[in-house]
């Protein structure tokens, strides 16, 4: 007959084995999920604990499972100028943005059309001159020229936001300006 001591040892061994196996399964799933995007903030944060295991098991290759970065904010900033024939300002310039909701996530289909239209205008830049600026000039009678600036506001990476957590996201984002053209309202 099995002694009580042997039964206790057996139960403790089974409990220890189940606990160890459960911890290993949780660790394995953690590595699988985190290493699916190996360049993410979490992967870099936990790299000392998971990279050796991921290298041995082959989980160190990225699956591109998650989106790498959020989309940057893009818009056209324009300034409508009102000058006389000598080039002197006769009226204060008017600044506008296209799409008008430049820093707001837009999910309504009708409002997203402006975003798609902005992409249409900038891909071949001649469309700015042919379509966008004439529409702005018609909207503001007496305008002589429109200065157009294509702006991309980049979003700060997560690790930079964590490191500089006392700064606002607006301070951490960068504005990259492209195109920068002044286009006359008068067709010559």
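Every number in this text was worked out from the coordinates using simple rules, so none of it is lab data. Computed from a predicted model, the values in this text were never measured in an experiment. With ideal geometry, Cβ positions are generated from the backbone for all residues, glycine too; neighbour counts draw on all protein chains shown.
Here, the stretch 73-184 has an Rg and a Dmax of 16.6, 53 Å when only alpha carbons are counted.
Could you grab the relative contact order for the stretch 95-186? Cα pairs under 8 Å, six or more apart, rounded to a whole percent.
Details: 83 pairs, mean separation 25.2, N = 92.
RCO, the stretch 95-186: 27 percent.
Angle of helix 4-35 to the longest C-alpha principal axis of the chain, folded into 0 to 90 degrees and rounded to 10: 20°. Cβ crowding within 10 Å, taken as a proxy for footprinting-reagent exposure, orders 136, 183, 23 from fewest neighbours to most as 23, 183, 136.
Taking Cα atoms only, the orientation of helix 109-122 departs from the longest principal axis of the chain by about 70 degrees.
Just so you know, the averaged projected area of the alpha carbon convex hull for the chain sits at 19.4 nm². The angle between the Cα long axis of helix 47-57 and the longest principal axis of the Cα atoms of the chain comes to about 70 degrees, rounded to the nearest 10. By the count of neighbouring beta-carbon atoms within 10 Å, fewest first, 168, 51 end up ordered 168, 51.
Calculated mean residue ellipticity, 222 nm, the chain: -13000 deg cm²/dmol, from DSSP H runs (n ≥ 4) at -39500 (n - 2.57) each, averaged per residue and rounded to 500. Given the stretch 73-184, what percent of its DSSP beta bridges are antiparallel, to the nearest 5? Given both bridge residues lie in the stretch 73-184, the antiparallel proportion sits at roughly 100 percent. Residue order for 109, 32, fewest other beta carbons within 10 angstrom first, comes to 109, 32. Taking all Cα pairs closer than 8 Å and separated by 6 or more residues, the relative contact order of the chain comes to 19 percent.
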